[in-house]
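**Student:** Dumping the structure here so I can ask a few things about it.
None of the figures in this text is laboratory data; all of them are computed from the coordinates on show. A quick note: this is a predicted structure, and the numbers were derived from the prediction, not measured. Cβ sites come from the backbone with ideal geometry, for glycine too, and all protein chains shown count toward neighbours.
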Amino acid sequence: MNVEYEQKLIGIFLTKNGWEEDSEHNSEYKSYYHSNDNIVSVDVSECEIVILDGSGDITHLPLNSYALLGYLLHNGYLPVGYDWR
């Protein structure tokens, strides 16, 4: 798996569906937040995806865009008409 490609794909997918990259956050991962406070934040590192809410980490997923898509759909954080392209 190409880590940089997967990170880029996840970033594009999240921004197309309402998340924004936290550009002020300098660290080993990229952080994405949603303007709707009821929607989780997503941190993407070189080895995993971390889903967070106001109380902290909810779950850790492998660095895989399909794992993220499945999690977000299953838990109602994405509408059925999400943008994957």
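**Student:** Of all residues in segment 39-77, count the ones that are among the charged types (D, E, K, R), part of a strand (DSSP E or B) and over 9 Å from the mean Cα position of the chain (by Cα).
**Tutor:** Looking only at that region, the number is 3.
**Student:** Quick one: residue 12 ticks every box in (1) assigned to a helix (DSSP H, G or I); (2) surrounded by 15 or more Cβ atoms within 10 Å (Cβ to Cβ) bar one, so which box is it?
**Tutor:** So the condition that residue 12 fails would be (2).
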